[in-house]
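Enquirer: I have a structure I would like to understand better, so I am pasting it below and will then ask my questions one at a time.
The values are calculated or read from the model by the stated rules, or taken from the named source; none is laboratory data. The shown structure was predicted, so the numbers you read here are calculated from the model rather than taken from an experiment. Positions of Cβ are generated from backbone atoms using ideal geometry, with glycine treated the same way; all protein chains shown enter the neighbour counts.
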Amino acid sequence: MEYFFDPNLLVPDETTRTPASKKSLLNASLSHPHLFEPCTIIKTEDSCTLTKTADGTLYKITSADLLQLTQEDRIGLEDVLHLPSISEASLLHTLRVRYNRDEIYTNAGPILISINPYKNILHKGTSIYSDANMQLYRKSTEKKPHLFNIADRAYGAMQDKNLPQSIIISGESGAGKTEATKYIMKYLATMTHTSNSSSQLEEQVLASNPLLESFGNARTLRNDNSSRFGKFIQIKFHGGHIAGATIQNYLLEKTRIVQQMEGERNYHIFYQLLASPLAEERAELELADREGFHYLSRRYIRSKRDELGFEETTQCLKNIGLTEDEQRVIWEIIAGVLHLGNVDFEPSSDAALDTETAQIKAESKKHLECACRLLGLDELKVSEAILTKILSISGKAITTPQNVVQAIDKRDALAKMVYSSLFLWLISRINQTIHHAHKPEELMSPVSTKSFGFDEMEDIVTSIGVLDIYGFEQFDMNGFEQLLINYANEKLQRHFNKHLFEVEQQLYSSEGVDWTYITFNDNRPCLELIEGGVGSTGILGILDDSWGGMGSGSEKDIKFVSHLNQAFGGIPGTTAKKSKKHAKEVNKHDHFRMPKFGNDRDFIVVHYAGEVSEEYKYIDLCVCNLPK
């Protein structure tokens, strides 16, 4: 008989002849708190059981720590809800068995669990995402777990019920959400087109993916092509065929434009432009010297991938109807942002001025001139805006000089505003192209930010929405953007809990179904901590209050975290068994903690994922991430 055991509860048996070095290596490989290992019982003595793993290592454990391994667990079923006993051990073992067979998709009822293999998977010599495989999922009644099956079910439900459908793709960073979005869209486009006109629209819809990846994706420590923005793609259907689409973006990571963590990169488009074969254009943009741009985290290294990426980007820009002149304006804006990052400052040497007053370094003035020329801005006015600040006091405007740190912050704020505005305009232009196939003459001016709504389209009543948004993030230093990203994921998890557990179980109760109540980890308290509950203020409300009034950014950092600690932080325990001297400190809120070792700018939020807790460095917010 075989069983599961949890390695975190076990101690290797001293009688095992495995060398100490090998034991240490084995224990390290089994150290994850959610990893379960199949084992075989050798013998049982009193309350201890001697077990052996597949590699022959012996462990002594208590019988209470064992979970029986069934035949279904060994098979690796396609749907984990068909397991005779659903537990954390059996679920994870099923996923492990299937993953080892290159079966990366597993059903959990209506939900598809996907494990990123980080490689191309072939089935009988053909990609599992091939057109031939699409046809199998369209025609076959017995469908294995796959992204195509999810897309086909959504399409079928939309057709049968004449109701809009939504596909939510969630997971941590690097899990493969963006790739899943592209395959779902490819399936819907391939399976529904019938004419040349609809085919052209479908190509334009699909062309939006690599285009948005160039401007909104970047290389991170976990993923070479990580989406640094969220998007909701609503695909409209008329008569069962794609008739248009809209893209709504969420939360572009602006901080990445001006700084990146060690080992990460800025957005792909910067490197693509530097790798482009347009030597003459690069010279006019003053990018002939491809190195030395401060907004690129490391020295520029020519990459074939970036060269090919630039070719794909230019083709996608053509597909959405941008002329060569419009494309050139885009390259000028990108180059302008790069040059803006090379504008450096130093304290003024003028004895009549405060030594903290900033001035532009002489050697970087050429970059300011170039940035202003490319962006169509007045160099003198930009310089004044960066180096000074206008205060309105009693109806009078008072101009005060900025120090070096403040000037750098304002320069970076301008760069982030320029790039994010370009990104929003690009999405607007994509929407103009793909919003309606039958009215191309109604395309708007490229300088307009208005978007067409589908309420203008006649006889289109069905749609499929695909949500691709950030996964949970936890870095060495987490700022305001990580707080918002994880907040969004908490909202998605709450939506999942409500519709999968609460609504279904309320329906069972109302209909008198004989069933056992399923307990689940309700993340509503964490949401109330962030957004506030009835009669209480959350982190975002305290942040808004703390940012108002006078004071430097550093002073507001301390004020903000101090208010958080007062509202949610530790208080001495008052249990009767403990003296006041040894009273244990507890938190007013279960999902809030102050770090044991840290400064007065750090705090921790414990999210629904258990181990995922973030320590937010609020000092990052003071740069320009908050509305002024």
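Enquirer: Could you go through the stretch 203-223 and let me know if any residue there is closer than 30 Å to Glu311 by Cα, free of Cβ contacts under 8 Å to residues at least 40 places away in the same chain and outside the structural domain of Ala488 (by TED's automatic domain parsing). Full working, then the answer.
Expert: So the first thing to find is which residues in the stretch 203-223 are closer than 30 Å to Glu311 by Cα, and the list is 203-223.
When the remaining residues are screened for being free of Cβ contacts under 8 Å to residues at least 40 places away in the same chain, the result is 206, 209.
Adding the requirement that they be outside the structural domain of Ala488 (by TED's automatic domain parsing) leaves 206, 209.
Checked against the condition, which is being closer than 30 Å to Glu311 by Cα, free of Cβ contacts under 8 Å to residues at least 40 places away in the same chain and outside the structural domain of Ala488 (by TED's automatic domain parsing), the stretch 203-223 yields at least one hit.
Enquirer: Residues to consider are Ser546, Ser536; find the one that is at pLDDT 70 or above, polar (S, T, N, Q) and part of a loop (DSSP other than H, G, I, E, B).
Expert: Every option except Ser536 fails the conditions.
A quick yes/no check of all residues on (1) modelled with pLDDT of 90 or more; (2) touching a helix residue (DSSP H, G or I) at 6+ places or on another chain (Cβ under 7 Å); (3) closer than 20 Å to Ile320 by Cα:
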| position | (1), (2), (3) |
| --- | --- |
| Ala218 | yes, yes, no |
| Ile242 | no, yes, yes |
| Leu251 | no, yes, no |
| Arg256 | yes, no, no |
| Asn266 | yes, yes, no |
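Enquirer: Can you tell me how many residues in the stretch 258-305 are free of Cβ contacts under 8 Å to residues at least 60 places away in the same chain, within 30 Å of Arg222 (Cα to Cα) and assigned to a helix (DSSP H, G or I)?
Expert: 7
Enquirer: Give the residues of the stretch 19-78 that are under 29 Å from Ile113 (Cβ atoms), of a type in the set (Gly, Ala, Ser) and modelled with pLDDT under 50, sorted by residue number.
Expert: Of everything in the stretch 19-78, those that are under 29 Å from Ile113 (Cβ atoms), of a type in the set (Gly, Ala, Ser) and modelled with pLDDT under 50 turn out to be Ala28, Ser29, Ser31.
Enquirer: Let me ask something else about it. So, in the stretch 481-499, of the ones that are touching a strand residue (DSSP E or B) at 6+ places or on another chain (Cβ under 8 Å) and modelled with pLDDT of 85 or more, which residue ends up surrounded by the most Cβ atoms within 10 Å (Cβ to Cβ)?
Expert: Among those residues, the one meeting the criterion is Asn486.
Enquirer: Here is a follow-up. So the check is Cβ under 6 Å with 6+ separation or different chains; which pairs have a first residue in the stretch 34-54 that's over 21 Å from Thr94 (Cα atoms) and a second one that's not in a strand (DSSP E or B)?
Expert: Filtered contacts from the stretch 34-54: Thr49/Ser63.
Here is a yes/no grid of residues against (1) surrounded by fewer than 10 Cβ atoms within 10 Å (Cβ to Cβ); (2) acidic (Asp, Glu):
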residue	(1), (2)
Gly341	no, no
Phe345	no, no
Lys365	no, no
Cys372	no, no
Asp378	no, yes
Ile393	yes, no
Ala407	no, no
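Enquirer: Would you point out which residue out of Asp590, Asp557 is exposed (fewer than 13 other Cβ atoms within 10 Å of the Cβ), modelled with pLDDT of 75 or more and closer than 30 Å to Ser173 by Cβ? Outline the logic, then answer.
Expert: Details: Asp557 fails: exposed (fewer than 13 other Cβ atoms within 10 Å of the Cβ).
Exactly one of Asp590, Asp557 is exposed (fewer than 13 other Cβ atoms within 10 Å of the Cβ), modelled with pLDDT of 75 or more and closer than 30 Å to Ser173 by Cβ, namely Asp590.
Enquirer: Return the residue satisfying two criteria in turn: it lies in the stretch 560-578 and is closer than 20 Å to Leu529 by Cβ and aliphatic (A, V, I, L, M), and of such residues it is modelled with the lowest pLDDT.
Expert: Ile571
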